[in-house]
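The values are calculated or read from the model by the stated rules, or taken from the named source; none is laboratory data. Nothing here was measured: the structure is a model prediction, and the numbers come from that model. For neighbour counting, all protein chains shown are included, and Cβ atoms are generated from backbone atoms with ideal geometry for every residue, glycine included. These area figures cover heavy atoms from the full protein model, side chains too; ligands, DNA and RNA do not enter into them. Shrake-Rupley method; radii C 1.70, N 1.55, O 1.52, S 1.80 Å.
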Amino acid sequence: MIKEQLAATISAALEHAKTAGDLPLDAIPPVTLEMPRNRAHGDWATNIALILAPLLGMPPRDVAARVVSLLPIGDGAPIARAEIAGPGFINLTLRPEMARGYFEEN
């Protein structure tokens with residue numbers, strides 16, 4: 001359930017930026033999330049910046065920085081922290097109460 005919520009949150013942020021003219025995209029591709037092998041890298045990771053980079057004509061890390069700036073992070077949001085890794089992956093760490101609920105369900 002949290003995986004779908006996170007994907008929807010990222011998609012909504014991208015759609016908002018597209019509508020506002022901040023991201024010149026025709027459409028928002030599906031957001032996929034994976035659990036990192038190393039838990040020190042967060043609870044979830046997405047490659048959406050790597051997918052968007054060629055569509056935007058920008059380096060993936062620059063796209064990742066823009067995506068991170070769009071995300072609701074911190075108090076009241078499910079995401080506690082977002083970090084850019086490698087060529088442009090975005091690692092997401094959930095607020096402890098969100099992560100605890102997810103891992104208890106699955």
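Summary table below
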item	result
Sum of side-chain charges, LEU14 neighbourhood, beta-carbon under 12 Å (Lys, Arg +1; Asp, Glu -1)	0
Residue-by-residue Karplus 3J(HN,Hα) for the stretch 42-51, coefficients 6.51, -1.76, 1.60, Hz, glycine and proline x	x, 8, 9, 9, 10, 9, 4, 5, 5, 6
Packing-based ranking, highest mean first, of 76-82, 31-37 given that Cβ atoms within 10 Å are counted	76-82, 31-37
Rounded percent of accessible protein surface that carbon and sulfur make up, the chain, 1.4 Å probe	55 percent
Under 5 Å, built H, 5+ apart or other chain: amide partners of ILE79	GLY74, ARG95
Radius 13 Å from Cβ of MET58, net charge of other residues (Lys, Arg +1; Asp, Glu -1)	0
Protection proxy ranking, peptides 62-73, 7-18, average beta carbon neighbours within 10 Å, highest first	62-73, 7-18
With 5 Å bins from 0: P(r) over the chain, alpha-carbon pairs, percent	2, 13, 24, 27, 18, 10, 4, 2, 0
Accessible solvent surface per residue of the stretch 51-94, calculated while the other protein chains remain in place, 1.4 angstrom probe, Å²	48 Å²
For the stretch 1-52, the spread of Cα positions along each principal axis, largest first, Å	36, 23, 15
